[in-house]
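A short write-up of the structure that comes next.
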Amino acid sequence: MADTYTTRLWGGRFREDEDALMHHFNSECWRTEWLVEPDIEGSLAHVAMLGECGLLTAAEEQAITQGLQEILADYRAGRIAYTEEYEDVHTFVELQLIRRIGDVGKKLHTARSRNDQCNVDMKLYVKRQAKYIGSLIEALCGTLQRTAEANPWIMPGYTHLQRAQVVTFKYYLLAYREMLLRDEKRLKNAVEVMDECPLGCGALAGTTHAIHRDFTARALGFAGGPCANFIDGVSDRDFVLEVLADFSILMMHLSRLSEELILWSSAEFGFIVLDDRYTTGSSIMPQKKNPDGAELVRGRTGRVYGDLLALLCAMKGLPLAYNKDMQQDKDSFADALDAVTASLLIMERMIGTLRAKPKAMRAAVKRGFLNATEVADYLVAKGVPFRDAHGIVGRIVIYCEDAQKAIEELSLEELLQFSPVFEKDIFDYIDYDAILQKGIKKEML
Ligand code: ARG
């Protein structure tokens, strides 16, 4: 039997080593190098607290603190590696410490379990990344705003992907900005909800030592103090799920925007040109310019939903408290974070570099009776009840389709066949640009 504490944190009660396949299956080292820093950060706070409570002497506290700082520096400089030899990030750091400073390092894990430790690490990381994603959202919102201001062009708005009413390209882009602002708010809220420190929950039942949980919570920046319930503190993965759910909604928005970019840049719409840098060509068709950037964002959205679903499914049948299934929270989060980060960065560049084609937008406005609703509004202004006005304009549309004309191309005489209230001012009323100056529609300019 391998001696205990050279490759793992446990082993005293085992007669046999783990099967190599089992070790590989159990190790999280392939996927959690990003947890090394938060793990050391959590340990530094824990050690300071143990010193404060008298569970470590000043010399012990100093030795462990220094050892941890050296491990951090060596890790950052690439002098030590977190490899498969270690079961997980906690094992890596603790064994490095013991190797470095000897027996005193074995005191680090006093009044702590990997169950509270892994949740501290994840919360530190998830909180930070949620804020980072918030900053990327803000950058994209800024670019949407700038691109919107620079492109006040009139364009068709759609429902059911059928031409509906006149809007502006600017206003359309600003609709996405609103969605993204909500996404940022959701992430901020998730950070607020998760802001309690699991340290001290132990394996599931706290500890017999009189430790100071407020101390570690404060040192690590958990505004809500320590977790209220030990069992919940180690069983909870809501905070990962909530951010994954927020990521999923965010990706849904980015995917819808991607879909618009793909449609608008097609010859069928021809409303925008995407910058060459975010498109690719075809190996066989020389003329092709494909919107791959947008397609990849749309494509990765499904994966982020999958990450959320995978963790929801992993959690749904678990009794309290810790179960190893929960280790997978890291895979789900890392995969989703990667997709969200890349998608926000690419989307910001695609929006910042797209070129609008106002002429094509205006040409599309003129086909499809986009002022039909305003003809009805006109009739209402002249005293016709809206439902009757709707019917009148419906009949005008059939007439126009047969005559292959737009409503504004009809003569007053033709219009008078449908209602006696039409007057010459109808033509000003339903002019596409004039429509946008009326009532609350001015907000779209
Ligand atoms: N690597 C584990 C995780 O992240 C740490 C908790 C291990 N606890 C245990 N009882 N094996 O989930």
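The values are calculated or read from the model by the stated rules, or taken from the named source; none is laboratory data. From a predicted model like this one, the values you see are computed outputs, not experimental measurements. Because the Cβ atoms are built from the backbone with ideal geometry, glycine has one as well, and the counts that use them run over all protein chains shown.
Data for the structure
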{"item": "Residue 181 vs. criteria buried (at least 20 other Cβ atoms within 10 Å of the Cβ) and over 30 Å from residue 366 (Cα atoms)", "result": "no"}
{"item": "Meets criteria (more than 16 Å from the ligand (Cβ to nearest atom), of a type in the set (Phe, Trp, Tyr) and surrounded by 14 or more Cβ atoms within 10 Å (Cβ to Cβ)) for residue 333", "result": "no"}
{"item": "Segment 357-411: number of residues that are among the hydrophobic types (A, V, I, L, M, F, W, C) and at positive phi", "result": "1"}
{"item": "All positions within segment 96-146 that are of a type in the set (S, T, N, Q), more than 30 Å from residue 223 (Cβ to Cβ) and either surrounded by fewer than 20 Cβ atoms within 10 Å (Cβ to Cβ) or under 15 Å from the mean Cα position of the chain (by Cα) (or both)", "result": "143, 145"}
{"item": "Unmet criterion (only one of (1) surrounded by fewer than 22 Cβ atoms within 10 Å (Cβ to Cβ); (2) modelled with pLDDT of 95 or more; (3) hydroxyl-bearing (Ser, Thr, Tyr)) for residue 83", "result": "(2)"}
{"item": "Qualifying positions in segment 330-363 - among the small types (Gly, Ala, Ser), within 34 Å of the chain's Cα centre (by Cα) and assigned to a helix (DSSP H, G or I)", "result": "332, 334, 336, 339, 342, 343, 352, 360"}
{"item": "Every residue from segment 220-252 that is more than 23 Å from residue 316 (Cβ to Cβ) and not hydrophobic (A, V, I, L, M, F, W, C)", "result": "221, 224, 225, 226"}
{"item": "Index of the failed condition, residue 357 passing every other in (1) crowded, with 18+ Cβ neighbours inside 10 Å; (2) among the charged types (D, E, K, R); (3) under 30 Å from residue 131 (Cβ atoms)", "result": "(3)"}
{"item": "Helices (runs of 4 or more DSSP H) enclosed by segment 380-445 - at least 1 residues per element that are among the β-branched types (Val, Ile, Thr) and touching a residue at least 40 places away in the same chain (Cβ under 8 Å)", "result": "426-429, 432-435"}
{"item": "Search result, residues across segment 25-54 that are touching a helix residue (DSSP H, G or I) at 6+ places or on another chain (Cβ under 7 Å) and of a type in the set (Ser, Thr, Tyr)", "result": "32, 43"}
{"item": "Test: residue in segment 300-313 that is closer than 20 Å to residue 175 by Cα and surrounded by 20 or more Cβ atoms within 10 Å (Cβ to Cβ)", "result": "yes"}
{"item": "Pairs where the first residue, in segment 63-75, is more than 13 Å from residue 105 (Cβ to Cβ) and the second is not charged (D, E, K, R), C-beta under 6 Å, 6+ apart", "result": "72/40; 74/80; 75/36"}
{"item": "Any hit, segment 272-292, residues being within 21 Å of residue 251 (Cβ to Cβ) and part of a helix (DSSP H, G or I)", "result": "yes"}
{"item": "The lone exception for residue 90 - which of (1) away from the ligand (no atom under 16 Å from the Cβ); (2) closer than 23 Å to residue 44 by Cα it fails", "result": "(1)"}
{"item": "Out of 183, 232, sole residue that is closer than 20 Å to residue 113 by Cα and not hydrophobic (A, V, I, L, M, F, W, C)", "result": "232"}
{"item": "Total residues in segment 17-66, condition modelled with pLDDT under 95 and of a type in the set (Ser, Thr, Tyr)", "result": "2"}
{"item": "Meets criteria (surrounded by fewer than 18 Cβ atoms within 10 Å (Cβ to Cβ), small (Gly, Ala, Ser), touching a Lys or Arg at 6+ places or on another chain (Cβ under 8 Å) and at pLDDT 95 or above) for residue 394", "result": "no"}
{"item": "Helices (runs of 4 or more DSSP H) contained entirely in segment 114-224, each with at least 2 residues that are in contact with a helix residue (DSSP H, G or I) (Cβ under 6 Å, 6 or more places away or on another chain), within 16 Å of the ligand (Cβ to nearest atom) and modelled with pLDDT of 95 or more", "result": "114-150"}
{"item": "Any chance residue 340 is over 27 Å from residue 117 (Cα atoms), away from the ligand (no atom under 16 Å from the Cβ) and hydrophobic (A, V, I, L, M, F, W, C)", "result": "no"}
{"item": "Residue that is nearest to the ligand (Cβ to nearest atom) [pool: residues in segment 290-327 that are touching a Leu at 6+ places or on another chain (Cβ under 7 Å) and free of Cβ contacts under 8 Å to residues at least 40 places away in the same chain]", "result": "325"}
